[in-house]
1. With each label point set 7 Å from Cα along the Cα-Cβ vector, what nm distance links residue 22 and residue 173?
2. Provide the solvent-accessible area of residue 66, counting protein heavy atoms only and rolling a 1.4 Å probe, rounded to the nearest 10 Å².
3. Quick one: accessible surface of residue 1, probe radius 1.4 Å, all protein chains present, in square angstrom to the nearest 10.
4. I need the shape label for segment 78-117. Rule: rounded when a/c is under 1.5, else prolate if a/b > b/c, else oblate, with a, b, c from the alpha carbon gyration tensor.
5. So, in Å, what gap is there between the alpha-carbon centers of segment 135-188 and segment 26-99?
6. Not counting ligands, DNA or RNA, and with a 1.4 Å probe, what is residue 29's accessible surface area in Å² rounded to the nearest 10?
7. Taking amide H positions as placed 1.01 Å from N in the peptide plane, with prolines and chain starts having none, which residues 5 or more places from residue 77, or on another chain, fall under 5 Å of its amide H?
Amino acid sequence: MLYRLTAETLADNPLRFDGDGRRFVLHRHRDGDGAHLDLRLEQDGYLMGYRIEGATLGPESWATAKAPHPLHWLDQDGEAVREDGGTYFWERGDPSTGVLVLCGARETVRVRVEPVGGLSAGVIAGIRAAAEALGASLGEIPALARDGATARARAIARFCGLGRELDGDAFDAALWRRTLAGEPLGVIQQYLHTLEVRFDRKYPPRAVSIPAPLGDWEARGDVGRAMGILKGEG
């Protein structure tokens, strides 16, 4: 299950609450999928909690539920870095959806926990397969997805610009945008290539350099003087 965590530091009015003695620890850790936080909450004989993406608990963070862990992680850190620890309580709701208050040694933080639609096993498998094919980690996939979306948008914009230039009012940009919206980038580039070929035929590219006449050097004697300089006669 995927969760959105909205965190608010209560610096001006910190809460002091020992509750029933339930403890928490917030660890910072890095693994193959990148930097993240492990928030571990004491239960009856075990720890539950969340894996929070990123190195800090910001105003809005994304998290997944962690598998149960043994209680000794409240007092040991292993390879992780302890960011904070203390006691906690649920101000409202429960771990599936609610408002959690962390009364730590460093600060007191109120965290709103909201479940969002989870990804199916098929989607997750597809993301992993794409990452392996690209030689990327799962943590790099969001940036690659943003780059792909940007490339698609630019290709469609160029296609529509060339279409208007070549066909004028007969080119229906809105229709083409709807048509290309569901196509992969490779297909969009194929459509774009056909218009680029038409554009180059209508407006042939000019040569990079154009020879220019240099005048009558022989009549002025420039060639002879130049040759004399090269021979050491000048």
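1. Between residue 22 and residue 173, the simple spin-label model gives 5.6 nm.
2. 50
3. Roughly 130 Å² of residue 1 is accessible to a 1.4 Å probe.
4. Here segment 78-117 falls in the oblate category.
5. Answer, in whole Å: 40.
6. It works out to around 50 Å².
7. Residues meeting the amide H criterion: none.
The values are calculated or read from the model by the stated rules, or taken from the named source; none is laboratory data. The structure displayed is predicted, hence computed values, not measured ones. Using ideal geometry, Cβ is built from the backbone for each residue, glycine included, and neighbour counts are taken over all protein chains shown. Keep in mind that these areas ignore ligands, DNA and RNA; they rest on the heavy atoms of the full protein, side chains included. Shrake-Rupley method; radii C 1.70, N 1.55, O 1.52, S 1.80 Å.
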